[in-house]
Amino acid sequence: MDEQARIREIYNRLIQTRDAQQWMPTSLSHFEGQPFKALIAATLSAQTREENTNAAMANLLALADTPEKMAQLSDEQIRTAIRPVMYFEPKVRYVRDIAERVTANGGVVPNTLDELMAYKGVGWKVAVLTLAMGYGINDDITVDVHVARIGIRLGLVKPTTKQPPKVNEELKQILPRDMWPYWNALMVQFGRAICLPTYPQCQKCPLNNICPKVGVK
Ligand code: SF4
């Protein structure tokens, strides 16, 4: 099997397994086509477990579901709402900054990486995620710990590559374009269900016979 055929096989097997096992959708998939909510959720999700991001978003949106309303919340209201997420203290400032800037921009969230990354607390990953979820712009592949770890294990990314933008570049060179929009969510789901961080379940993995298991002990 050549490398492109192997990659297609990886993708197809994972899609089939996801559908058969009904893997949990990712939290940001709730905000597809809603750029402001996607941006806030992506910002809150940094270093945070999925269920805590969901809880914080539910709290926050119950108080304010538009940039204008969110900009009018007090810091204490935002703090109480987003307390479930990691590093909630700086994220209070990020939420306020985003809400105020989007409000000042007529309620429109920017749709370029550079503009988004000019916002407080918005790094490359949050910006890529926001473009993908909010606008359906998939010029890059969102790289998180699951995408990076599994990319190495599958032999798609060099084991020495650490920086998310570099992982993205390596993946884009070998993954067909039609997979880019779905790769992040698929890896997150697969990384939670089977290719776990510490104890990957290789014996029951649908990719067992086509995975080089790079770095797996
Ligand atoms: S075979 Fe093991 S290392 Fe490879 S993708 Fe599956 S669980 Fe991960």
Check your understanding: If we scan the range 164-176, do we find a residue that is farther than 23 Å from A5 by Cβ and surrounded by fewer than 19 Cβ atoms within 10 Å (Cβ to Cβ)?
Key -> yes
Exercise for review: Take the residues in the range 108-122 that are open to solvent by less than 30 Å² (accessible area, probe 1.4 Å) and not aliphatic (A, V, I, L, M), then tell me which one is nearest to L14 (Cα to Cα).
Suggested key: P110
Practice item. Six or more apart or on different chains, Cβ under 6 Å: which pairs go from a residue in the range 42-54 that's among the small types (G, A, S) to one that's open to solvent by less than 30 Å² (accessible area, probe 1.4 Å) and part of a loop (DSSP other than H, G, I, E, B)? Could you list them? Key: none
Check your understanding: Does L63 fit the bill of being of a type outside the set (G, A, S) and open to solvent by less than 50 Å² (accessible area, probe 1.4 Å)?
Key -> no
Exercise for review: Please enumerate the residues belonging to the range 97-112 that are touching a residue at least 12 places away in the same chain (Cβ under 8 Å) and in contact with a Leu (Cβ under 7 Å, 6 or more places away or on another chain).
Suggested key: I98, V109, N111
Check your understanding: Where residues in the range 135-163 are surrounded by 13 or more Cβ atoms within 10 Å (Cβ to Cβ), free of Cβ contacts under 8 Å to residues at least 60 places away in the same chain and basic (K, R), which of them is nearest to the ligand (Cβ to nearest atom)?
Key -> R149
Check your understanding: Taking helices (runs of 4 or more DSSP H) that do not extend beyond the range 17-120, which have at least 3 residues that are over 18 Å from the mean Cα position of the chain (by Cα)?
Key -> 50-63, 67-71, 75-82, 88-104
Check your understanding: Just for the range 177-212: of the residues that are in a loop (DSSP other than H, G, I, E, B) and surrounded by fewer than 16 Cβ atoms within 10 Å (Cβ to Cβ), which one is nearest to the ligand (Cβ to nearest atom)?
Key -> Q201
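The values are calculated or read from the model by the stated rules, or taken from the named source; none is laboratory data. On a predicted model such as this, the values are computed, not experimentally measured, just so you know. Cβ: placed from backbone, ideal geometry, glycine included. Neighbour counts: every protein chain shown. Accessible surface is based on the protein model in full, side chains and every heavy atom, while ligands, DNA and RNA are left aside. Shrake-Rupley method; radii C 1.70, N 1.55, O 1.52, S 1.80 Å.
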